[in-house]
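*Asks:* My questions all concern the structure below.
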Amino acid sequence: MVQETTFNNGVRLVTQQVPGMHTITLGIWVANGARQEQPSISGVAHFIEHLLFKGTERRNARQISREIDSLGGILNAFTGHEYVCYYAKALTRFLPQVSDILSDMFLNSIFPAEEIEKERNVVLQEIKMRDDTPEEAIHDRFHLSFWQGHPLGHAILGSTETISAISREAIVAHKQQWYRPSEIVIAAAGGVEHQQLVDLLEGPFSALSPGEPRRETGSCSRPSKGRVVELSERDLEQTLICLGTDGLPHTDPGRYALVVLNTILGGGMSSRLFQEIREKRGLAYSVYSYLSSYSDAGALTVYAGTDRGRSCEAVKIVLAEMGRLRDELVAEDELNAAREQIKGKILMSLESSDSYMSRLARSYLYYGRYQPLEELMAGFDAVSAVDLQQLAGRLFQDSSLNVQVMGKVDPTCFTTNRELISL
């Protein structure tokens, strides 16, 4: 059962009670992330996420971690381009303690100067770890190029230069500007009583000043630059490839078809890319495709790691499979298998309160309401082979093709004959 309460200042609290579940996951979501940052403070949203664990007027950082550990609970957070989430999971009977710890962190963090400097070094190490991990670095490079000139291309962690320069004043100002009641969704799922949570949180969160109404994010108009092929020479054992095209926003009517299309292309062991590139030809150990969807835009990206001498062959296979999806109807048995794979993964994911909580929160963030499972399943069941072909024709075009190559680059493919990289 899903219930919703909106506090007087605009904070929304939504709960989903799951019968028989003995845990509860409580998440505080802010509908702003890296996308709202100015370039000079890129990474500040993620930096703030770290700092909210570093002390309040009532608890220092060690006390926060000891209290949640004493409950056998989990306390964590994550930052995306369009939201930040702080969450805790524990046994249902500990809801009062969990809600107190989480709300205290969210509302009363004091950003001690010495903790900022310590955590600044932690984030700088995280950035170095990302840059030292080619499999991560190439995805950041792809998004920077694909969304060139738009905040969606910013690295969530920021850069060494921006993190080193961000002041305490800038951190506090960013939190005050963007952590407004109209942007906050509190979501809880599992063995939760809605009214109990209202009683626990309405007082603390109602004290927030209403501030400005929810801001609409400016539309993302990604420049159409035609085909892009960019190379990054690094001394690696493999040549890494990220190849992507336009995707769809979260709320686009074609979103169900897009998920099915991605599943067939590279979404699992039975996908076309896995079977053709790994199983049939042994070109790669890791090959897959994934979706990045936002409120007004999206991307479909393929990743593969292979030998330098066969990297061009791998790219041609990816483009050929995209072309097949655009030019040929998918067989009914392949379509049915993809549908069942998607539905099965969704249902299996809902065996934990944190999965329920995340799905509930994202429903409210992107659709403004709860999206029942029945509606979701019906959306996938309605996808036809014609829908897939039409969507592939819409998305798989040279004008949106972006190819990033990292490692030891084959010049005969990626330098002298770039016209071979074409849909």
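The values are calculated or read from the model by the stated rules, or taken from the named source; none is laboratory data. Bear in mind the structure is a predicted one, so any value in this text is a computation, not a measurement. Glycine gets a Cβ as well: all are built from the backbone with ideal geometry, and neighbour counts include every protein chain shown. Areas reflect the complete protein model, heavy atoms only, side chains present, ligands, DNA and RNA absent. Shrake-Rupley method; radii C 1.70, N 1.55, O 1.52, S 1.80 Å.
*Asks:* Among what's in the stretch 35-85 and is open to solvent by 30 Å² or more (accessible area, probe 1.4 Å), charged (D, E, K, R) and not in a helix (DSSP H, G or I), pick the residue that is nearest to I166 (Cα to Cα).
*Replies:* The selected residue is K54.
*Asks:* Right, something else. Just checking, which of Q148, Q125 is at pLDDT 95 or above and not aromatic (F, W, Y)? Reasoning before the result, please.
*Replies:* On the way: Q148 fails: at pLDDT 95 or above.
So the residue among Q148, Q125 that is at pLDDT 95 or above and not aromatic (F, W, Y) is Q125.
*Asks:* Against the definition (in contact (Cβ under 8 Å) with a residue 40 or more places away in the chain, part of a loop (DSSP other than H, G, I, E, B) and of a type outside the set (S, T, Y)), how does V403 come out, yes or no? Even if it seems obvious, please write down each step before you answer.
*Replies:* Numbers: in contact (Cβ under 8 Å) with a residue 40 or more places away in the chain: yes; part of a loop (DSSP other than H, G, I, E, B): no; of a type outside the set (S, T, Y): yes.
It is false that V403 is in contact (Cβ under 8 Å) with a residue 40 or more places away in the chain, part of a loop (DSSP other than H, G, I, E, B) and of a type outside the set (S, T, Y).
*Asks:* Identify, by number, the condition in (1) in contact with a helix residue (DSSP H, G or I) (Cβ under 7 Å, 6 or more places away or on another chain); (2) surrounded by 12 or more Cβ atoms within 10 Å (Cβ to Cβ); (3) without any contact (Cβ under 8 Å) to a residue 60 or more places away in the chain that S363 doesn't meet.
*Replies:* So the condition that S363 fails would be (1).
*Asks:* For V318, which of the numbered conditions (1) modelled with pLDDT of 95 or more; (2) touching a strand residue (DSSP E or B) at 6+ places or on another chain (Cβ under 7 Å); (3) surrounded by fewer than 19 Cβ atoms within 10 Å (Cβ to Cβ) fails to hold?
*Replies:* Only one criterion in (1) modelled with pLDDT of 95 or more; (2) touching a strand residue (DSSP E or B) at 6+ places or on another chain (Cβ under 7 Å); (3) surrounded by fewer than 19 Cβ atoms within 10 Å (Cβ to Cβ) is unmet by V318, namely (3).
*Asks:* Within the stretch 160-190, how many residues are surrounded by fewer than 20 Cβ atoms within 10 Å (Cβ to Cβ), at pLDDT 95 or above and not hydrophobic (A, V, I, L, M, F, W, C)?
*Replies:* 6
*Asks:* Can you tell me which residue among L391, L395 is within 13 Å of A257 (Cα to Cα) and in contact with a strand residue (DSSP E or B) (Cβ under 7 Å, 6 or more places away or on another chain)?
*Replies:* Details: L391 fails: in contact with a strand residue (DSSP E or B) (Cβ under 7 Å, 6 or more places away or on another chain).
Of L391, L395, the one residue that is within 13 Å of A257 (Cα to Cα) and in contact with a strand residue (DSSP E or B) (Cβ under 7 Å, 6 or more places away or on another chain) is L395.
*Asks:* Regarding D387, is this residue out of contact with any helix residue (DSSP H, G or I) (no Cβ under 9 Å at 6 or more places or on another chain), over 16 Å from L300 (Cα atoms), open to solvent by 30 Å² or more (accessible area, probe 1.4 Å) and in a helix (DSSP H, G or I)?
*Replies:* On the way: out of contact with any helix residue (DSSP H, G or I) (no Cβ under 9 Å at 6 or more places or on another chain): no; over 16 Å from L300 (Cα atoms): yes; open to solvent by 30 Å² or more (accessible area, probe 1.4 Å): yes; in a helix (DSSP H, G or I): yes.
For D387, the condition - out of contact with any helix residue (DSSP H, G or I) (no Cβ under 9 Å at 6 or more places or on another chain), over 16 Å from L300 (Cα atoms), open to solvent by 30 Å² or more (accessible area, probe 1.4 Å) and in a helix (DSSP H, G or I) - is not met.
*Asks:* Somewhere in the stretch 242-260, is a residue at pLDDT below 95, within 25 Å of D354 (Cβ to Cβ), among the β-branched types (V, I, T) and open to solvent by 20 Å² or more (accessible area, probe 1.4 Å)?
*Replies:* Yes.
*Asks:* Does E321 satisfy the criteria of being over 30 Å from T15 (Cα atoms) and in contact (Cβ under 8 Å) with a residue 12 or more places away in the chain?
*Replies:* Values: over 30 Å from T15 (Cα atoms): yes; in contact (Cβ under 8 Å) with a residue 12 or more places away in the chain: yes.
Taking the combined requirement at face value, the residue satisfies it.
*Asks:* Among (1) modelled with pLDDT of 95 or more; (2) in contact with an Asp or Glu (Cβ under 7 Å, 6 or more places away or on another chain); (3) polar (S, T, N, Q), there is one condition Q404 misses while meeting the rest; what is its number?
*Replies:* So the condition that Q404 fails would be (1).
*Asks:* Do we find a residue being open to solvent by less than 50 Å² (accessible area, probe 1.4 Å), over 20 Å from the mean Cα position of the chain (by Cα) and in contact (Cβ under 8 Å) with a residue 60 or more places away in the chain anywhere in the stretch 137-153? Show your work before the answer.
*Replies:* As a first pass, look at the stretch 137-153 and keep what is open to solvent by less than 50 Å² (accessible area, probe 1.4 Å): 137-139, 142-143, 145-147, 150-153.
Then drop every residue that is not over 20 Å from the mean Cα position of the chain (by Cα), which leaves none.
No, there is no match, as no residue in the stretch 137-153 is open to solvent by less than 50 Å² (accessible area, probe 1.4 Å), over 20 Å from the mean Cα position of the chain (by Cα) and in contact (Cβ under 8 Å) with a residue 60 or more places away in the chain.
*Asks:* Still on this model: Can you tell me which residue among F380, F414 is open to solvent by less than 70 Å² (accessible area, probe 1.4 Å) and farther than 17 Å from L248 by Cβ?
*Replies:* F414
*Asks:* Follow-up. Select, from P96, P112, P134, the only residue that is modelled with pLDDT of 95 or more, more than 17 Å from the chain's Cα centre (by Cα) and not small (G, A, S). Steps first, answer last, please.
*Replies:* Working: P112 fails: modelled with pLDDT of 95 or more; P134 fails: modelled with pLDDT of 95 or more.
Answer to the selection: P96.
*Asks:* Within the stretch 86-136, can you find the residues that are open to solvent by 40 Å² or more (accessible area, probe 1.4 Å), part of a helix (DSSP H, G or I) and either touching a Cys at 6+ places or on another chain (Cβ under 9 Å) or more than 23 Å from T56 (Cα to Cα) (or both)?
*Replies:* T92, R93, Q125, E126, K128, M129, D131, E135, E136
*Asks:* Which of (1) outside any loop (DSSP other than H, G, I, E, B); (2) in contact with a helix residue (DSSP H, G or I) (Cβ under 6 Å, 6 or more places away or on another chain) does A284 not meet, given it meets every other one?
*Replies:* So A284 meets the others, but not (1).
*Asks:* Taking only the stretch 272-314 into account, find how many residues are within 26 Å of the chain's Cα centre (by Cα), aliphatic (A, V, I, L, M) and open to solvent by less than 50 Å² (accessible area, probe 1.4 Å).
*Replies:* Count: 8.
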